[in-house]
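First the structure, in the form of structure tokens, and then the observations on it.
Quick note: the coordinates plus some simple rules give every number you see, no bench work behind them. Predicted model only: the values in this text are computed from it and were never measured. Positions of Cβ are generated from backbone atoms using ideal geometry, with glycine treated the same way; all protein chains shown enter the neighbour counts.
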């Protein structure tokens, strides 16, 4: 176990669109950023195939290729990219302390948190096997690919209702698979779904298996009251049972909501700890898009630069 202590002007934790954008801005401001990629370098886009809604890629781009572009741009300005995870933090003083999995202790004058969030999945084999081949956790990202096709959405909360409503404008029929006999969503979202003619709600229903070899050809559901099984002829299957922000190591230090999303001062990336800023899906439970994550990464770097200037550090 190393006992080395390293001093850093700007430490970025996480390496999706938010983290890399923060690094680009911080590096160009001569803040000498060090970025720790975490368990999933590149974030959720590393498991995304076609990205067609990010500006600047007129022909679309593969998620991993886009993240490689972000990384190269950050490294062009001499960002120090490290493939390791942060395992512990201590935000008691003006100098923020973190520890890497290798035992290195880092003292950072400013920190940008961009650890992202992960979609929650059902945990069935066919879901993993058909990921990005008809199985998705984001209708806004992937719904366009299923225009004119029959699709299914699993979930009963606000997210599921929003996804179904969005898809109903693109698809002739949207099946909602709901485990209970009622939604968990807000009243207004429930009403919107129930008033939409091409959304069919399957109550007391759970997913038995997603069908297809190399692409989704249907989903077999079962009624948890009668055990009756039904096959829905869908080509798209959207999982909308929630996201979990990757913020556990900051609990007890950073203010969060009940789910674990970091709370920021409205209109900024500032957290309750001076000198610690949050960006991307770690603090965004509404939009969760690559382009909005990149925008908040920019905000975090600019906020960090102003903080370091005000403190007389740079």
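What separates the Cα centres of the stretch 99-151 and the stretch 170-197 is a distance of 24 Å. Only bridges with both residues in the stretch 121-239 count here: give the DSSP antiparallel percent, nearest 5. Beta bridges within the stretch 121-239, antiparallel portion: roughly 40 percent. Compared with the dominant principal axis of the Cα atoms in the chain, helix 290-310 is inclined by about 20°.
For the chain, the longest principal axis of the Cα atoms and the long axis of helix 17-28 meet at an angle of about 20 degrees.
Using only Cα atoms, locate the centre of the stretch 204-242 and the centre of the stretch 1-77, then give the distance between them in Å, rounded to an integer. The stretch 204-242 and the stretch 1-77 have Cα centres separated by 36 Å. Normalising the Debye intensity of the stretch 213-314 to I(0), with uniform scatterers on Cα atoms only, and taking log10 at q = 0.10, 0.21 Å⁻¹ returns -0.47, -1.05.
Relative to the longest principal axis of the Cα atoms of the chain, the long axis of helix 63-76 makes an angle of roughly 10 degrees. Potential lengthening of the chain between residue 311 and residue 206 amounts to 32.3 nm, from the contour at 0.36 nm per residue minus the alpha-carbon distance.
Estimate the FRET efficiency between residue 213 and residue 52 by the formula 1/(1 + (r/R0)^6), using the beta-carbon distance for r and 35 Å for R0, to the nearest 0.05. Walk me through the numbers on the way to the answer.
Details: r = 25 Å, r/R0 = 0.71.
It comes out at approximately 0.90.
Computed from the alpha carbon positions, the gyration tensor of the stretch 121-239 leads to an equivalent ellipsoid with semi-axes of 20, 17, 12 Å, biggest first. Any idea how far apart residue 228 and residue 272 come out in nm if each label point goes 7 Å out from Cα toward Cβ? Taking the two extended label points, one gets 5.1 nm.
Mind sorting 171, 10 by how few other Cβ atoms lie within 10 Å of their own Cβ, fewest first?
On the way: 171 24, 10 32.
The fewest-first ordering by Cβ neighbours comes to 171, 10.
Taking every DSSP bridge with both residues inside the chain, close to 45 percent are antiparallel.
Once the Cα gyration tensor of the stretch 1-129 is found, what semi-axes does its equivalent ellipsoid get, as square roots of 5 times the eigenvalues, in whole Å, sorted largest first? List each step's numbers first, then the result.
Details: eigenvalues 161, 78, 24 Å².
Those come to 28, 20, 11 Å.
Under the simplified labelling scheme, the residue 62-residue 248 pair shows an inter-label distance of 3.1 nm, with each label point 7 Å from Cα along Cα→Cβ.
Per DSSP H run of n ≥ 4, the term is -39500 (n - 2.57); total these for the chain, divide by its residue number, and report the mean residue ellipticity at 222 nm rounded to 500 deg cm²/dmol.
Numbers: 7 runs with 75 residues, N = 314.
Rounded to the nearest 500, it is -7000 deg cm²/dmol.
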